[in-house]
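Structure first, then comments.
The values are calculated or read from the model by the stated rules, or taken from the named source; none is laboratory data. Note that this is a predicted model, so its numbers are computed, not measured. Backbone-built Cβ (ideal geometry, glycine too); neighbour counts: all protein chains shown. Surface accessibility is based on the protein's heavy atoms, side chains included, excluding ligands, DNA and RNA. Shrake-Rupley method; radii C 1.70, N 1.55, O 1.52, S 1.80 Å.
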Amino acid sequence: VSLPRFATVAELRSWLVSDLARPWLLGVGLALTFGLSTLVRFVSLDSKPAEWYGDISTVYEYVQSIRAGRIVDGIFALGVGPLYPAVLSPMLNVLGTSYLAIKASAALLSLAGLVMVFVFSRAILGTAFGILATAVAGVGSWLLVYSRLGDVQALVPVLTMSVLWLVVVIARSERFNPVAVVGCGLLAASGVYLYGATFMLPVVAGIMALVY
């Protein structure tokens, strides 16, 4: 098997935005990308970080409220909406309620976010670019830090990339796609119940749908 060679930057760019990559390259690239991304998320997760801090207390207490069948007063608790605790709750039913369980759940959600980064990037610029974007996101500090902390931001990329991918699906559909439209609308609207950074998801999805 020979690796691709590029004489110019233009040739490299042309390959990155194409779907001409060999099937073996897709498999190897995804295996290496997600293998490394999983490794950096779970190695020494039990001890690094080790401190249960204020934001995690807020998340944990919200999870307990949801388990008791109620939403906290004002819906948001110190910036945390009900969506993340609601997603976290069934995961903690399986993994337990320790800080390690919260961090492991966030790391799994972070990996789901990387899957959606790949799906979205591949949809707009091809397989090779999808692998490259996912590799960069997989070891990037922002997503990695919050996945290891167990905080609410670990769910943001999952939701955001899913919404943007559905916008692409809708824009490329030759006929009206009610499943994609409803799914995109529900996911974008749910951003209002996650975190301040996702409040703009409905607006971003709408603008992207108009200009894509």
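Miscellaneous remarks
- Selected residue (criterion: nearest to Ser37 (Cα to Cα)) from residues of segment 126-155 that are open to solvent by less than 20 Å² (accessible area, probe 1.4 Å) and among the hydrophobic types (A, V, I, L, M, F, W, C): Leu143
- Flag for Ser190 being within 15 Å of the chain's Cα centre (by Cα), in contact (Cβ under 8 Å) with a residue 60 or more places away in the chain, over 30 Å from Ser44 (Cβ atoms) and surrounded by 16 or more Cβ atoms within 10 Å (Cβ to Cβ): yes
Listed here are the residues, each with its yes/no results for (1) closer than 16 Å to Pro157 by Cα; (2) touching a strand residue (DSSP E or B) at 6+ places or on another chain (Cβ under 7 Å); (3) touching a residue at least 40 places away in the same chain (Cβ under 8 Å).
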{"site": "Leu83", "(1), (2), (3)": "yes, no, yes"}
{"site": "Ser89", "(1), (2), (3)": "no, no, no"}
{"site": "Phe118", "(1), (2), (3)": "yes, no, yes"}
{"site": "Leu125", "(1), (2), (3)": "no, no, yes"}
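- Being more than 20 Å from Leu26 (Cβ to Cβ) and part of a helix (DSSP H, G or I) is a condition met by no residue of segment 122-130.
- Filtering segment 53-68 to residues that are surrounded by fewer than 14 Cβ atoms within 10 Å (Cβ to Cβ) and either closer than 15 Å to Val145 by Cα or in contact (Cβ under 8 Å) with a residue 40 or more places away in the chain (or both) leaves only Tyr53.
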